[in-house]
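In what follows, a structure is listed as structure tokens, so that the remarks can point back to it.
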């Protein structure tokens with residue numbers, strides 16, 4: 001038997017465990033096959049065939065079974081496996097690589113990338129692996145981003161051309177607006193690009209409109225904020241949306 005940290009936790013593994021536990025409900029006498037099929041919302045013949053391997057468990061049926069039984073994937077993970085996964089992720093988070101760190105590059109009155117004094121900081125590999133051109137930069141004051149970014153926060157920014165041209169509305173960017181570099185979300189419409197701050201998140205009429213053809217967006221978008229950390233002693237985390245931070 002493979003040790004916990006080597007057991008592949010893929011769909012096939014979870015499907016096998018789900019079928020194992022369903023069969024266990026029947027074999028233990030807790031449920032009959034007919035009654036369990038009714039609870040799961042599938043026919044008894046279909047349940048019988050799936051449990052016997054005659055028919056394959058599809059993702060849609062698996063989701064339905066989990067929902068009907070109020071189970072989650074965590075219910076299919078053994079305790080020793082969960083502990084091993086937590087230990088492995090913690091070790092991966094702690095392993096870091098030196099990354100160029102510049103001061104005061106994002107915020108009111110500041111210009112990205114900021115002041116390069118030749119400093120570096122260790123950034124966990126789990127975050128660096130998501131970037132193509134990484135830079136760590138400290139943030140300055142920006143009252144429009146209160147609750148999301150504070151002065152002194154360190155932002156991990158990907159400056160690669162790809163992330164500056166292929167934009168996503170769920171992502172937080174460093175943008176150039178009115179001669180300064182600030183952190184903003186972006187929204188699109190037929191009228192152009194809109195910049196959204198934490199303070200204007202729920203007020204579309206207050207969003208800042210930038211009328212520029214799509215091919216020039218890279219002049220506005222200076223980088224994608226992958227993660228941020230609040231010194232001292234905090235860990236890098238994904239930027240939160242305003243409703244998740246208040």
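The values are calculated or read from the model by the stated rules, or taken from the named source; none is laboratory data. As the structure is a prediction and not an experimental result, all values here were calculated from the model. Here the Cβ is made from the backbone with ideal geometry for all residues, glycine too, and neighbour counts use every protein chain on show.
Taking residue 187 as the residue in question, decide whether it is surrounded by 12 or more Cβ atoms within 10 Å (Cβ to Cβ) and either in contact (Cβ under 8 Å) with a residue 60 or more places away in the chain or within 19 Å of residue 113 (Cα to Cα) (or both). Before you say what the answer is, go through the steps one by one.
On the way: surrounded by 12 or more Cβ atoms within 10 Å (Cβ to Cβ): yes; either in contact (Cβ under 8 Å) with a residue 60 or more places away in the chain or within 19 Å of residue 113 (Cα to Cα) (or both): no.
Taking the combined requirement at face value, the residue does not satisfy it.
Assuming residue 93 fulfils every condition listed in (1) over 20 Å from residue 221 (Cβ atoms); (2) touching a helix residue (DSSP H, G or I) at 6+ places or on another chain (Cβ under 9 Å); (3) at pLDDT 90 or above apart from one, which condition is it?
(3)
Output the strands (runs of 3 or more DSSP E) that fall wholly within region 113-222 and possess 3 or more residues being under 30 Å from residue 88 (Cα atoms), or say none. First the steps, then the outcome.
Numbers: elements: 115-124, 134-139, 154-158, 172-177, 180-189, 192-196, 208-210.
It comes to 115-124, 134-139, 154-158.
Just give me the residues in region 140-159 being touching a residue at least 60 places away in the same chain (Cβ under 8 Å) and out of contact with any helix residue (DSSP H, G or I) (no Cβ under 6 Å at 6 or more places or on another chain), in sequence order. Working first, answer last.
Residues of region 140-159 that are touching a residue at least 60 places away in the same chain (Cβ under 8 Å), as a first pass: 147-150, 152-159.
Matches in region 140-159: 149, 150, 152, 153, 154, 155, 157, 158, 159.
Kindly evaluate residue 194 against the criterion of being under 25 Å from the mean Cα position of the chain (by Cα), in the same structural domain as residue 103 (by TED's automatic domain parsing) and within 15 Å of residue 142 (Cα to Cα). Walk me through how you get there before you give the answer.
Working: under 25 Å from the mean Cα position of the chain (by Cα): yes; in the same structural domain as residue 103 (by TED's automatic domain parsing): yes; within 15 Å of residue 142 (Cα to Cα): no.
No; evaluated as a whole, the condition is false for this residue.
Residue-wise test of (1) more than 14 Å from residue 149 (Cβ to Cβ); (2) modelled with pLDDT of 95 or more; (3) touching a helix residue (DSSP H, G or I) at 6+ places or on another chain (Cβ under 7 Å).
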residue: 188; (1), (2), (3): yes, no, no
residue: 193; (1), (2), (3): yes, no, yes
residue: 196; (1), (2), (3): no, yes, no
residue: 203; (1), (2), (3): yes, no, no
residue: 213; (1), (2), (3): yes, no, no
residue: 216; (1), (2), (3): yes, no, no
residue: 220; (1), (2), (3): yes, no, no
residue: 231; (1), (2), (3): no, no, no
residue: 237; (1), (2), (3): no, no, no
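What are the pairs with Cβ atoms under 6 angstrom where one residue, in region 191-220, is more than 16 Å from residue 176 (Cα to Cα) and the other, located anywhere, is part of a loop (DSSP other than H, G, I, E, B)? Sequence gap at least six, or different chains.
Pairs that qualify, where the first residue is more than 16 Å from residue 176 (Cα to Cα) and the partner is part of a loop (DSSP other than H, G, I, E, B), are 198/147; 198/148; 200/207; 206/200.
Identify, from the list 105, 96, 114, 118, the residue that is in contact with a strand residue (DSSP E or B) (Cβ under 9 Å, 6 or more places away or on another chain), more than 30 Å from residue 197 (Cα to Cα) and surrounded by 15 or more Cβ atoms within 10 Å (Cβ to Cβ). Working first, answer last.
Numbers: 105 fails: more than 30 Å from residue 197 (Cα to Cα); 114 fails: more than 30 Å from residue 197 (Cα to Cα); 118 fails: surrounded by 15 or more Cβ atoms within 10 Å (Cβ to Cβ).
On inspection, the qualifying residue turns out to be 96.
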